[in-house]
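Let me begin by presenting the structure, written as structure tokens, before commenting on it.
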Ligand code: UDX
């Protein structure tokens, strides 16, 4: 099939590449001429395992092309994907200006019937708004005879495993009331619908809400566990034992119940906030979601609070080694990252930071490059030199078994504040560290 994808961010680029990889002919459209030029040369703007070879191979094979020419893009596809950003506006609602401008562009240039697919995470009711926009432009063009349908087909990919998630989706949600559109979408996704039925067809609004409900449920699990971790710490219990104890119940499960420093990234914070806003727009008080958000905001300060208490507020002039800046491993993304809340609080208190992250150094440089209070170090060992203590914010694999003797030697006080529970408290005590982690009262392990 011929497919057009508007937007070459995470969702659009990955989606375009995997659709091309199964044999569809895909054209990706973006306004950013530099980005399009780089993509043509196989330069990928994001760090995402497996994406680069996928883009290069399919581009070389002539199944995946990139253009800034929206008119040519629209001509190409029989299905038009809208995969542009929906950043939060000043009151937390998803900002639909990019989605609607793509809708207008499609309507401006379409010359045959089209299936328009909302792939971006958009508030319930957006498909109706997109439909109205397309109809308005067609009306103005005097082309009312052109038929179109707007489908909600949300994406569930995770950063860091986006390619694999897209190639092997748990489910493919198709929100449409038209049988004809359903058939087009089934044909499009047939290569991904093997082994067992993954396509779930529903009405448009339910599909739109499914995306928010999934992300809000996951965010709720995390905030719930962080609340339990706070309780465990204060009650002298060990959250890691509690986690295993509850995870063994299949109704609860082991996934997504890791306590930590709060969720970050481009999806959970934005989507929880947007659903709270959607609810308030219809005079519904989303009490649970507000609690999820409030717990998360506080959790992001937990490492700083522990540091502040340990040093009795005397942080001025101290240097802290920070391991992990990305909001989670296997990405260079620092959007809403807990590391930012930590570093900004440390700077505010007069402390300095020596940071290392396996992938996010360029991003950190872009965000904070000119600050004297931050040194970006080439290795995790270099970040330790002359630091008072080590703070671990992201659970990269390479942090799991470090050289503890070297850490001990390089830190002026052997103290570790671990936001991801990477180590055994008892072992750390044996090695002579003062060790703080999440939901495990360190004194009980001595
Ligand atoms: C998420 C959803 O998983 C994905 O389905 C959706 O399409 C987009 O949003 P992503 O933002 O890439 O994907 O990250 P994810 O791996 O889900 O992690 C989100 C945050 O939750 C991270 O900050 C992570 O550290 C945190 N987290 C996750 C925990 O604190 N504990 C856990 O048990 C799991």
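The values are calculated or read from the model by the stated rules, or taken from the named source; none is laboratory data. Bear in mind the structure is a predicted one, so any value in this text is a computation, not a measurement. Ideal geometry is used to build each Cβ from the backbone, glycine not excepted, and the neighbour counts take in all protein chains shown.
Descriptive notes on the structure:
- Some residue of the stretch 175-196 being within 14 Å of the ligand (Cβ to nearest atom), closer than 24 Å to residue 25 by Cα and modelled with pLDDT of 95 or more: no
- Residue in the stretch 301-314 that is part of a helix (DSSP H, G or I), within 16 Å of the ligand (Cβ to nearest atom) and in contact with a helix residue (DSSP H, G or I) (Cβ under 7 Å, 6 or more places away or on another chain) present: yes
- Only helices (runs of 4 or more DSSP H) whose full extent lies in the stretch 1-100 are considered here, and the ones with at least 3 residues that are in the same structural domain as residue 129 (by TED's automatic domain parsing) and within 27 Å of residue 187 (Cβ to Cβ) are 10-21, 51-60, 70-76.
- The residue of the stretch 34-93 that is surrounded by the most Cβ atoms within 10 Å (Cβ to Cβ), among those that are within 18 Å of the chain's Cα centre (by Cα) and within 30 Å of residue 112 (Cβ to Cβ), is 83.
- Residue match in the stretch 157-174 (condition: surrounded by 15 or more Cβ atoms within 10 Å (Cβ to Cβ), at pLDDT 95 or above and more than 16 Å from the ligand (Cβ to nearest atom)): yes
- Qualifying position, being buried (at least 22 other Cβ atoms within 10 Å of the Cβ) and closer than 25 Å to residue 44 by Cβ, among 117, 130, 134: 117
- The residue pairs whose first member lies in the stretch 150-161 and is under 16 Å from residue 332 (Cβ atoms), whose second member is more than 6 Å from the ligand (Cβ to nearest atom) and in a loop (DSSP other than H, G, I, E, B), and whose beta carbons are closer than 6 Å, counting only pairs six or more residues apart or on different chains, are 159/331; 159/333; 160/330; 160/331.
- Criterion: in a helix (DSSP H, G or I) and away from the ligand (no atom under 13 Å from the Cβ) - qualifying residue of 242, 292: 242
- Within the stretch 404-432, the residues that satisfy the criterion of being outside any strand (DSSP E or B), under 19 Å from residue 356 (Cβ atoms) and in contact with a helix residue (DSSP H, G or I) (Cβ under 9 Å, 6 or more places away or on another chain) are 404, 406, 407, 409, 410, 411, 414, 419, 420, 422, 423.
Residues are listed down the side, and each one gets a yes or a no for (1) in contact (Cβ under 8 Å) with a residue 12 or more places away in the chain; (2) surrounded by fewer than 17 Cβ atoms within 10 Å (Cβ to Cβ); (3) under 26 Å from residue 269 (Cα atoms); (4) more than 16 Å from the ligand (Cβ to nearest atom):
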{"position": "345", "(1), (2), (3), (4)": "yes, no, yes, yes"}
{"position": "360", "(1), (2), (3), (4)": "yes, no, yes, no"}
{"position": "370", "(1), (2), (3), (4)": "no, yes, no, yes"}
{"position": "376", "(1), (2), (3), (4)": "yes, no, no, yes"}
{"position": "379", "(1), (2), (3), (4)": "yes, yes, no, yes"}
{"position": "425", "(1), (2), (3), (4)": "yes, no, no, yes"}
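- Residues in the stretch 271-288 that are more than 9 Å from the ligand (Cβ to nearest atom) and within 18 Å of the chain's Cα centre (by Cα): 272, 273, 274, 275.
- For the stretch 385-403, a residue qualifies if it is within 16 Å of the ligand (Cβ to nearest atom) and free of Cβ contacts under 8 Å to residues at least 60 places away in the same chain, and exactly one does: 400.
- Screening the stretch 243-262 for residues that are touching a helix residue (DSSP H, G or I) at 6+ places or on another chain (Cβ under 8 Å), closer than 26 Å to residue 306 by Cα and free of Cβ contacts under 8 Å to residues at least 60 places away in the same chain and picking the one that is surrounded by the most Cβ atoms within 10 Å (Cβ to Cβ) gives 243.
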